[in-house]
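Peer 1: Okay, handing you the structure first.
Every number here is computed from the coordinates shown, using simple stated rules; none is lab data. Because the structure is predicted, anything quoted here is derived from the model rather than measured. Glycine also receives a Cβ, built like all others from the backbone with ideal geometry; neighbour counts cover every protein chain displayed.
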């Protein structure tokens, strides 16, 4: 089994390798440790880093690929392009290009985070938690001050947090927020595609059976579970239309999912503690 120490060692080693390419950069450009944080924010796995470091003619391309986010829905394409415009200059110490791209990143990041804040609340928490644990551990080991948080605190709505965070993010912290957003956006698209391709029908049948034959471990009403899953796997109409146009899914497959009716709620909640 791969240990956390092994994973961190691979990421640090890879970041140092990239850092050698940009050895002469100014002090405000990202450091190897910054790049290690970026890989974590992007959700890069140990297998991906190991593959990138294999010798061969395409090593440089593989190295660049691990800093490239996955496919995203149309709303996140502008952020993906802004991020890609930044990461190239960051890796090769193009100081003017990096700071131009960093400035251009702010409004695009702010727009996406604000528009997607409510829909992404659950996914953002899932992506942010391991990232903040990793950064917190690094801070504790090195004695460095705690880095700015990347998740919403208590007492703020997702939209309030997104608006404030995008406005206040400076320098590399802005890049890390963009990387997390692209990680979430890629997850959103992947899960949406799987949902349309058969995941919805499978989940629907399972919840119908559970509704008809409840068991003692069925603590949640299948109707509520289905409504939540539908909300999690629904994109705005214009984006779904664009993805059909791109051939990501077929119009027929999407229509089948849209035709699934709500699951009726249970007549009475189950009493698990009689």
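Peer 1: As an exercise, use a Förster radius of 35 Å and the Cβ-Cβ distance of residue 133 and residue 77 to find the FRET efficiency, rounded to the nearest 0.05.
Peer 2: Working: r = 30 Å, r/R0 = 0.85.
After rounding to 0.05, the efficiency reads 0.70.
Peer 1: Full-extension gain between residue 228 and residue 159, please, as 0.36 nm times their residue separation minus the C-alpha to C-alpha distance. Can you show the working numbers first?
Peer 2: Details: separation 69, 0.36 × 69 = 24.84 nm, distance 1.92 nm.
Length gained between residue 228 and residue 159: 22.9 nm.
Peer 1: Now for a different question. Give me the distance in nm between label points sitting 7 Å out from Cα along the Cα-to-Cβ direction at residue 205 and residue 260, one decimal.
Peer 2: Between residue 205 and residue 260, the label points sit 1.1 nm apart.
Peer 1: Pop a pseudo-label 7 angstrom from the Cα along the beta-carbon direction at both residue 168 and residue 103 and give the gap in nm to one decimal.
Peer 2: 2.4 nm
Peer 1: While we're looking at this one, here's another question. Could you sort 109-122, 200-213 so that the peptide with the highest average Cβ count within 10 Å comes first and the rest follow in order?
Peer 2: On the way: 109-122: 19.3, 200-213: 14.8.
Peptide ranking by packing, descending: 109-122, 200-213.
Peer 1: Using a Förster radius of 35 Å, what is the FRET efficiency between residue 65 and residue 111 based on their Cβ-Cβ separation? Nearest 0.05, please. Each step should come with its number before you reach the end.
Peer 2: Numbers: r = 27 Å, r/R0 = 0.76.
It comes to 0.85.
Peer 1: Please list log₁₀ I(q)/I(0) at q = 0.17 Å⁻¹ for the range 189-258, using the Debye equation with identical point scatterers on the alpha-carbon positions.
Peer 2: Scattering profile of the range 189-258, log10 relative to I(0): -0.64.
Peer 1: Among 133-139, 170-176, what's the highest-first ranking by average C-beta atoms within 10 angstrom per residue? Spell out each step's value before the answer.
Peer 2: Working: 133-139: 15.3, 170-176: 17.9.
Most protected by this proxy first, the peptides run 170-176, 133-139.
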